[in-house]
Amino acid sequence: MDRISISGISATGYHGVFDFEKRDGQTFVVDVVLHVDISRAAASDNVADTVHYGEVSELVVAQIQAGPWDLIEKLGSEVAAAILAAYPTVATVEVVVHKPQAPIPVPFSDVSISLTRHQLQHTAVIALGANLGDPQATLAAAVAELGAELEILKTSPLAVTKPVGGPPDQPDYTNQVIEVRTQRSPHELLDLCQRIEAAHHRTREVRWEARTLDLDLITYDHLVLDDPRLTLPHPRAALRGFVLAPWSWMDPDAVLGGQLVSRLAAQAADTKDIIRL
């Protein structure tokens with residue numbers, strides 16, 4: 001994971017156990033390290049695709065000036081919580097709070113606490129597809145069912161695509177991609193997708209057979225995972241135009257494996273046959 005570090009953010013705060021600390025105030029200094037994937041920003045060269053360190057610094061100052069609290073442990077926790085809430089792409093934040101003017105009756109140079117906090121909200125990309133029954137109605141229903149359980153951030157236009165692999169003579173697919181935010185773990189999110197598939201009578205008898213509904217978990221934050229149930233990112237997503245094209249329509253600056261999704265879509269063999277609805 002990449003990192004953005006900001007050191008020495010200082011402001012006057014009114015935190016401390018003693019009354020005079022809350023009355024007179026003193027200087028607090030905060031260092032933060034943000035663990036965040038910067039590949040999207042590197043690909044787009046757009047400040048909107050990264051964490052703006054100037055805004056983060058202002059947010060930290062606002063927390064120093066808030067309160068007051070008795071302990072710098074509380075101040076550090078508030079700084080971390082504010083950063084994670086404001087920037088869902090930050091996977092982990094490290095915070096160090098310095099209190100160089102602490103009322104200690106012996107010579108000293110600094111007092112500090114350090115803490116690490118992890119993001120509770122996670123962003124995932126889910127690909128939807130169907131080619132039996134009424135695919136458009138099924139995808140609309142599946143998105144609504146996912147939206148009842150998750151926060152849906154973005155939805156792509158629908159795409160009509162040719163079957164890739166599987167038995168011959170299948171009907172065309174209707175595909176869509178959505179981006180969601182959730183507190184579920186990757187496996188809990190997979191379980192939810194499979195429950196919704198089952199509710200729409202999805203069967204798994206022949207690989208890549210025609211289906212009433214297919215929900216594939218494509219990415220989950222920037223997690224790399226390979227276990228018997230789940231591989232992330234999806235192992236074939238980078239080759240599937242029926243995933244890549246609608247994803248790129250939804251999010252032109254999306255990145256997968258360090259490459260722009262739009263570029264991968266242009267290179268996928270099946271993209272040429274895709275019809276955007």
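The values are calculated or read from the model by the stated rules, or taken from the named source; none is laboratory data. Bear in mind that the values here come from a model prediction, so they are computed numbers and not experimental data. Positions of Cβ are backbone-derived with ideal geometry, glycine not excepted, and every protein chain shown enters the neighbour counts. Keep in mind that these areas ignore ligands, DNA and RNA; they rest on the heavy atoms of the full protein, side chains included. Shrake-Rupley method; radii C 1.70, N 1.55, O 1.52, S 1.80 Å.
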Discussion item. Restricting to Cα pairs below 8 Å that are 6+ residues apart, what does the relative contact order work out to for the chain? Please round to a whole percent.
Written reply: 17 percent
Practice prompt. Multiply the residue separation of Gln259 and Asp169 by 0.36 nm, subtract the distance between their alpha-carbon atoms, and state the gained length in nm to one decimal.
Written response: 29.1 nm
Practice prompt. Let me know the charge dipole size of the chain about its Cα centre in debye, to the nearest 20, where only the beta-carbon of Lys, Arg (+1) and Asp, Glu (-1) is charged.
Written response: 400 debye
Worksheet entry | Compactness of the stretch 50-200 - radius of gyration and Dmax, Cα, Å | 23.7, 84
Item to complete: Can you tell me the relative contact order of the stretch 152-277? Whole percent, Cα pairs under 8 Å, sequence separation 6 or more.
Response: 29 percent
Worksheet item: So, in nm, how far is label Ser112 from label Arg181 when the simple model puts each one 7 Å beyond its Cα toward the Cβ?
Response: 3.1 nm
Practice prompt. Quick one: order Met1, Met250 from most to least accessible surface, probe 1.4 Å.
Written response: Met1, Met250
Worksheet item: When you count, for each residue, the other Cβ atoms within 10 Å and take the mean per peptide, how do 236-246, 155-165, 65-75 rank with the highest first?
Response: 236-246, 155-165, 65-75
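Counting only protein heavy atoms, what percent of the accessible surface of the stretch 105-146 is carbon or sulfur at a 1.4 Å probe? Show your work: numbers first, answer last.
Details: 1280 of 2120 Å².
On the stretch 105-146, the fraction of accessible area on carbon and sulfur atoms equals 60 percent.
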Worksheet item: For the pair Lys272 and Lys154, what calculated FRET efficiency results from E = 1/(1 + (r/R0)^6), where r is the Cβ-Cβ distance and R0 = 25 Å, to the nearest 0.05?
Response: 0.50
Worksheet item: Helix 72-86 versus the longest principal axis of the chain: what is the Cα-based angle in degrees, 0 to 90, to the nearest 10?
Response: 30 degrees
Worksheet, complete the sentence: When the charge dipole of the stretch 1-157 is computed with +1 on Lys and Arg Cβ and -1 on Asp and Glu Cβ about the Cα centre, the Cα farthest towards its positive end, among Ala142, Gln101, Thr12, belongs to Gln101
Worksheet entry | Where only C-alpha atoms are counted, convex hull volume of the chain per residue in Å³ | 139 Å³
Practice prompt. Pop a pseudo-label 7 angstrom from the Cα along the beta-carbon direction at both Val17 and Asp227 and give the gap in nm to one decimal.
Written response: 4.3 nm
Worksheet item: How far apart, in nm, are two points set 7 Å out from the Cα along the Cα-to-Cβ line at Asp191 and at Ala48?
Response: 3.8 nm
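Using +1 on the beta carbon of Lys and Arg, -1 on that of Asp and Glu, and nothing else charged, what's the dipole of the stretch 65-186 about the Cα centre, debye to 20?
Working: 7 positive and 12 negative charges, 46 e Å.
Here the stretch 65-186 has a charge dipole of around 220 debye.
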Worksheet item: Roughly how big is the stretch 133-200's charge dipole about its Cα centre, with Cβ charges of +1 (Lys, Arg) and -1 (Asp, Glu), in debye to the nearest 20?
Response: 180 debye
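Mean residue ellipticity at 222 nm from the helices of the chain, using -39,500 (n - 2.57) per DSSP H segment of n ≥ 4 over the full residue count, to the nearest 500 deg cm²/dmol? It would help to have the intermediate numbers written out before the result.
Working: 8 runs with 84 residues, N = 277.
So the helix-based figure for the chain works out to -9000 deg cm²/dmol.
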